[in-house]
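The values are calculated or read from the model by the stated rules, or taken from the named source; none is laboratory data. Remember, predicted model here, so these are calculated numbers, not experimental data. Because the Cβ atoms are built from the backbone with ideal geometry, glycine has one as well, and the counts that use them run over all protein chains shown. Ligands, DNA and RNA are stripped out before the accessible areas are found, and what is left, the full protein with its side chains, is counted by its heavy atoms. Shrake-Rupley method; radii C 1.70, N 1.55, O 1.52, S 1.80 Å.
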Amino acid sequence: MTTENFQKVLLAMIRRTPFKPFTVELNTGIRIEVDHPEATVIREGVAIFVGPGFVPIDFDHDSVTQIIDSPAHAAN
């Protein structure tokens, strides 16, 4: 995924109103459910998501396979 596309899609998902949870799938197969619009910071093709328990997960445009318009438990 290009840096520009990564940021464009991720920001669009985070900024939509009303916010709706979505999933980021990594090259490793790990799926991250972004459940709150203020839980992710994005800059220059790198994102940090702070999940439940305040555990940060970082990912970048090269590590993302796809961004899915549904929560992780529903994304198949």
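The residues neighbouring residue 45, those whose beta-carbon lies less than 14 Å from its own, together hold a net charge of -3 under the Lys/Arg +1, Asp/Glu -1 convention. Heavy atoms of the protein chains alone define the surface here; on that basis the range 2-66 has 63 Å² accessible area per residue at 1.4 Å probe size. For residue 3, neighbours were defined as the other residues whose beta-carbon sits under 13 Å from its Cβ, and their charges (Lys and Arg +1, Asp and Glu -1) total -2. Close amide-amide hydrogen proximity is noted between residue 66 and 25, each under 5 Å apart and 5 or more residues distant or on a separate chain (H modeled in the peptide plane; Pro and chain starts excluded). Note on residue 12 and residue 38: the model spin-label points, each 7 Å out from Cα along the C-beta direction, lie 2.6 nm apart.
Accessible surface for residue 19 stands near 50 Å², nearest 10, in the context of the full protein assembly shown (1.4 Å probe). Across the accessible surface of the chain, with the other protein chains kept in place and a 1.4 Å probe, carbon and sulfur atoms take up 56 percent. Over all distinct Cα-Cα pairs of the chain, the Kirkwood formula returns a hydrodynamic radius of 12.2 Å.
For the modelled label position 7 Å from the Cα of residue 62 along Cα-to-Cβ, which residues of the range 1-42 have backbone nitrogen atoms closer than 17 Å? Within reach of a label on residue 62: 1-7, 26-29.
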